[in-house]
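The values are calculated or read from the model by the stated rules, or taken from the named source; none is laboratory data. Predicted model only: the values in this text are computed from it and were never measured. Because the Cβ atoms are built from the backbone with ideal geometry, glycine has one as well, and the counts that use them run over all protein chains shown.
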Amino acid sequence: IPPPNVKQVLHAATSTQLPRGQSLGSLTTGTGSLVNSNQTSQTAGPGGPVLLQDFHLLDKLAHFDRERIPERVVHAKGAGAHGYFEVTGDVSGLTTADFLGRVGKRTPVFARFSTVGGESGSADTARDPRGFAVKFYTEEGNFDMVGNNTPIFFIRDPLKFPDFIHTQKRDPRTHCKNPDMQWDFFSHVPESLHQVLILFSNRGTPDGFRHMHGYSSHTYKLINSQGAVHYVKWHFRTNQGVRNLKAAEAERLAGADPDYSTHDLFNAIERGEHPSWTLYFQVLTEEQALNYKYNVLDVTKVISQKDFPLREVGRMVLNRNPENYFVEVEQAAFSPSHSVAGIAPSADRMLQGRLFSYPDTHRHRLGANYLQLPINSPVHPARNQQRDGPMAVSDNGGRLPNYEPNAFGGPSETAATRDVDVTARAEGALARHPFVLTDADFEQPRALYNLLPADEQQDLVDNIAGNIALAQPAFQASILPHLYRIDKGFGSRVEQQLKRAAHKL
Ligand code: HEM
C-alpha cells in the first residue's frame, strides 16, 4: 500500500467555492434587513462607546455566543455522506420491511462514520473502533442501523457502558488520557478482551472510512408476513478492500493530517469515486439461535460464518457530500430504536439499553423536536399528536386535532403493522441475572490471535504491549493473567515485551 500523500489530501478539500461570477446579493441581518456595515459598529462619536441600538452587532455576537451545542458524548468526531441502498438479493421471505421487499428497490441513505473516544476535534487515525451508522429514508419511515466496524463489543451489559467510556476518556483529575484506567477496567471485565484484541491489531487503525467493513454487532430480529421470526446479524463489506494503517503511520497522520479520514471520504466522493459496501445477512432460525454454541444475545461473541454463511442483501453507495457539515452531519441523530415494521430488536441487553440512550441523548443534544430537523425527518412527514416544544420547525400539525382518538378522521393507528415480535416469550424471576465469565469467553479471542498472520500477530503484540507499558506496574500485572488465559504464547510474548520496556526506562 503506498503511503498516503497528505499534501494532496489537504489540497483537494475545498468545499466553499462558488461557481464563477455568481453573486449572492446583499448582506442582511437575521431578520432580512439590509446591512449598512459589517465592519464598523455604531458608536457615540468616533471615540465613544458602542450603542445598544445596533441590532446587527448584538445579534451577530449573541448568535456566535451560542454556536456550540453539546458534542456527542461518544463518537463526537465523524464524517458523513448521502447515497442510496439497492436491494440485490431476495430477503422478502424474512421481513415485511418495504425497503428490503424486492430486488432493485432503491432507498436514499445518509451514513456517518466516526471514532469513539475522542472529542469533535480529535485525530481521525486514533486507535479506536469506528462508528458505522446508516439512516435509511424508507417509504415506511426512517430505519437506522447504528453499528461499528467491529462485529463485537467490549461489554455485554448496558449498566457498564458509562464506566467503560469513562476509562476511554479523560482522567477526572488531570484531564489527560490515562492507561491505568483502561487496563484496570479491562482486567476487571475480561469479556472485553475479544474486542481489545481487535482494537490493538491493525484493525484498530483503519486507513480511512472507505476501507473498513461495518457490522450491526448485535443480533436483530426479522419478522415476516406470517409473523415468523429469524435472528440476523448485519455485515456491510467494503468494496474498496480492507486497508489498515500500521501504528507508526497512524500516529504520524494524527499529527500531519488529523482529519485524514474526513478528507479521504470527502475527496473521493468529489472525485466521483463513490465508495460502496455490500450488505449481507447472517440468518438463524429461532431454533438455531437457541441452540448455537455461543449466546447470540451476547455482543462480545461472533457467529461463525462457517456455521452461518453470509447471504447477499444489497449494496450501499455514497455519492453526495453534505452541503453543510453542521446541519447534515452534526445534527444527524441515529438510534437503534428508529425502526420500521418487520425489523425488531432482540433481547440483547446492550441493544435494549441503547434503545433508551440514543433518543435520550438526542433530546439533550438537539432538543425535543430533533426528529423535525431536515436530516432526521422521514420522506413522508410524520403525522401524530405531538405538538409544540422548543424549535418546532415543521408545520407543528397545522390545524389537525392534537388528540386521538377523535371524530375528525385521524391520523389514527394501523393495527396490521408488525412492529413487535408477538411470538416472543419471557419468563423467570425479576432479578439481576449476571453473565458468568467462563472459558468460552476466551475461545474467540484465542481463535482470533491464532488466525492472524505472523506479521500481524507481531503488530498486535507490539501495539498492546506498548500501551500496557504506559500503565503502572500493578495494572500491567493484573491484565497479564487474562492474556495468558487467551493463549500462553501470547501472554508470554506480551510479558517479555513489557520486561524489555521496563528495562529501557
Ligand atoms: C453514539 C450510547 C453501544 C455505535 C452513541 C451516543 C450515545 C451512545 C449516547 C451518542 C449519540 C448522539 O449524540 O447522537 C451507547 C450505549 C451503548 C452503546 C449506552 C451500550 C449500552 C454501542 C454499540 C455500538 C455503538 C455496541 C455498535 C454496535 C454507536 C455509533 C454512534 C454511537 C455508530 C455514533 C452515531 C452517529 O454517527 O451519530 N452511543 N452506545 N454504540 N454509538 Fe453507541
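A Cβ distance below 7 Å, combined with a sequence gap of six or more or placement on separate chains, defines the contacts here; from the range 349-365, residues that are more than 16 Å from VAL299 (Cβ to Cβ) and without any contact (Cβ under 8 Å) to a residue 60 or more places away in the chain reach residues that are within 6 Å of the ligand (Cβ to nearest atom) and among the aliphatic types (A, V, I, L, M) in the pairs HIS362/ALA333. Within the range 73-85, if we keep just the residues that are under 27 Å from ILE165 (Cα atoms) and surrounded by 22 or more Cβ atoms within 10 Å (Cβ to Cβ), the residue that is nearest to the ligand (Cβ to nearest atom) turns out to be HIS75.
The residues on offer are ARG485, ARG500, and the sole one that is charged (D, E, K, R), closer than 17 Å to TRP183 by Cβ and in a helix (DSSP H, G or I) is ARG485. Name every residue in the range 227-236 that is surrounded by fewer than 19 Cβ atoms within 10 Å (Cβ to Cβ) and not hydrophobic (A, V, I, L, M, F, W, C), in order of residue number. GLY227 - this is the single residue of the range 227-236 that is surrounded by fewer than 19 Cβ atoms within 10 Å (Cβ to Cβ) and not hydrophobic (A, V, I, L, M, F, W, C). Screening LYS233, LYS306 for residues that are out of contact with any Asp or Glu (no Cβ under 8 Å at 6 or more places or on another chain) and free of Cβ contacts under 8 Å to residues at least 60 places away in the same chain leaves exactly one candidate, LYS306.
If only residues of the range 124-142 that are among the hydrophobic types (A, V, I, L, M, F, W, C) and crowded, with 22+ Cβ neighbours inside 10 Å are counted, the one that is farthest from LEU193 (Cα to Cα) is PHE136.
Please state which one of ASN450, ASN463 is free of Cβ contacts under 8 Å to residues at least 40 places away in the same chain and surrounded by 10 or more Cβ atoms within 10 Å (Cβ to Cβ).
On the way: ASN463 fails: free of Cβ contacts under 8 Å to residues at least 40 places away in the same chain.
Criteria check complete, one pass: ASN450.
Tallying residues that are farther than 26 Å from PHE266 by Cβ, not hydrophobic (A, V, I, L, M, F, W, C) and not in a helix (DSSP H, G or I) within the range 185-212 yields 1. Taking the criterion of being in contact with a helix residue (DSSP H, G or I) (Cβ under 9 Å, 6 or more places away or on another chain), at negative phi and not hydroxyl-bearing (Ser, Thr, Tyr), the residues of the range 387-413 that qualify are ALA392, VAL393. When the range 436-466 is filtered for residues that are under 22 Å from PHE153 (Cβ atoms) and in a loop (DSSP other than H, G, I, E, B), the ones remaining, listed by number, are VAL436, LEU437, THR438, ASP439, LEU452. Scanning the range 86-106 for residues that are in contact with a Phe, Trp or Tyr (Cβ under 9 Å, 6 or more places away or on another chain) and either assigned to a strand (DSSP E or B) or within 16 Å of the ligand (Cβ to nearest atom) (or both) gives VAL87, ARG106.
Restricted to the range 153-184, and to residues that are within 16 Å of the ligand (Cβ to nearest atom) and without any contact (Cβ under 8 Å) to a residue 40 or more places away in the chain, which residue is surrounded by the most Cβ atoms within 10 Å (Cβ to Cβ)? I'd like the intermediate steps shown before the answer.
Kept after step one, since they are within 16 Å of the ligand (Cβ to nearest atom), are these residues of the range 153-184: 153-169.
In the following step, the residues that additionally are without any contact (Cβ under 8 Å) to a residue 40 or more places away in the chain were identified as 160, 162-164, 166-167.
Working: LYS160: 18, PRO162: 11, ASP163: 13, PHE164: 17, HIS166: 13, THR167: 22.
Filtering the range 153-184 for residues that are within 16 Å of the ligand (Cβ to nearest atom) and without any contact (Cβ under 8 Å) to a residue 40 or more places away in the chain, the one surrounded by the most Cβ atoms within 10 Å (Cβ to Cβ) comes out as THR167.
Considering only residues that are more than 14 Å from the ligand (Cβ to nearest atom) and over 17 Å from TYR358 (Cβ atoms), which ones fall in the range 125-143? The answer is THR125, ALA126, ARG127, TYR137, THR138, GLU139, GLU140.
With respect to THR150, is the statement that it is near the ligand (Cβ under 9 Å from one of its atoms) and either part of a loop (DSSP other than H, G, I, E, B) or not hydrophobic (A, V, I, L, M, F, W, C) (or both) true?
Values: near the ligand (Cβ under 9 Å from one of its atoms): yes; either part of a loop (DSSP other than H, G, I, E, B) or not hydrophobic (A, V, I, L, M, F, W, C) (or both): yes.
When the stated conditions are applied, THR150 passes them.
Here is a yes/no grid of residues against (1) among the hydrophobic types (A, V, I, L, M, F, W, C); (2) closer than 30 Å to ASP124 by Cβ; (3) modelled with pLDDT of 95 or more; (4) more than 16 Å from the ligand (Cβ to nearest atom):
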position	(1), (2), (3), (4)
HIS211	no, yes, yes, yes
LEU222	yes, no, yes, yes
SER225	no, no, no, yes
HIS230	no, no, yes, yes
HIS235	no, yes, yes, no
GLY241	no, yes, yes, yes
LEU245	yes, yes, yes, yes
ALA248	yes, yes, yes, yes
ALA254	yes, yes, yes, yes
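Is it the case that GLY117 is more than 18 Å from HIS213 (Cβ to Cβ), surrounded by fewer than 23 Cβ atoms within 10 Å (Cβ to Cβ), within 16 Å of the ligand (Cβ to nearest atom) and touching a residue at least 24 places away in the same chain (Cβ under 8 Å)? Explain how you work it out, then say what you get.
Working: more than 18 Å from HIS213 (Cβ to Cβ): yes; surrounded by fewer than 23 Cβ atoms within 10 Å (Cβ to Cβ): yes; within 16 Å of the ligand (Cβ to nearest atom): yes; touching a residue at least 24 places away in the same chain (Cβ under 8 Å): yes.
In short, yes.
Residue-level analysis places SER187 outside the set of residues that are modelled with pLDDT of 95 or more, small (Gly, Ala, Ser) and either within 14 Å of the ligand (Cβ to nearest atom) or in contact with an Asp or Glu (Cβ under 7 Å, 6 or more places away or on another chain) (or both).
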